[in-house]
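Contents: one structure, followed by commentary.
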Amino acid sequence: MSEPEPKPDLPTTDEEWRERLTDEEYRILRERGTEARFSGEHVDRDDEGVYTCAACGTVLFDSSTKYDAACGWPSFYAAEESAVTLEEDTRHGMTRVEVKCAACDGHLGHVFQDGPEPTGERFCINSVALDFEPSADGE
C-alpha cells in the first residue's frame, strides 16, 4: 500500500500550521492533544455524509461507519482505506494505537479493538480534528 502524495498546499513549517489552524485545532492536530469528553460537535451527529481532516480536507470516515460507543468522542468502526496511519503511542503511562491523517500527519485520536462487527475496531476521534460534509443528496 503506497502512502498518499502530500497535498501541495499543506503547510511545511510549524508557523504555517499555527496560521492555518485555530488554537484548539493546533493543540489537537499538531501537539497530539485531546478534547474533553462529550464536548465535541460531532459526538451526537447522525447526518449522512463524510468526515474530513480539519487540517487538510482528506476524507477520513464515512457516516455509515459511525456509531455510539458512549465514550465521549465520535466513534467509527472503519476508516477510509489509506486515509489514516497507525502508530504505537506510549505517552501517559499506557500503550495505545494513535490514529493520524495519512496526508498531513495530523493527530486524530486512537483506535481500540473493542468495536462492533464487521471490524471489531473503535476509532475514537477528536471532533476538533474533523470537519463534516453532508451527503450531496441531502439525506
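A few comments on the model shown:
- The slack between Asp23 and Arg96, meaning 0.36 nm per residue of separation minus the straight C-alpha distance, is 23.8 nm.
- For segment 1-83, the Kirkwood estimate of hydrodynamic radius, built from reciprocal distances between every pair of different alpha carbons, is 14.4 Å.
- As a size descriptor, the averaged projected area of the C-alpha convex hull of the chain was calculated at 9.0 nm².
- The chain: Cys lacking any partner C-beta under 4.7 angstrom: Cys71, Cys124
- Taking a quarter of the surface of the Cα convex hull of segment 7-46 gives a mean projected area of 3.9 nm².
We did not get these values from a lab; they are worked out from the coordinates using the rules stated. Please read all numbers here as calculations on a predicted model, not as lab measurements. Cβ sites come from the backbone with ideal geometry, for glycine too, and all protein chains shown count toward neighbours.
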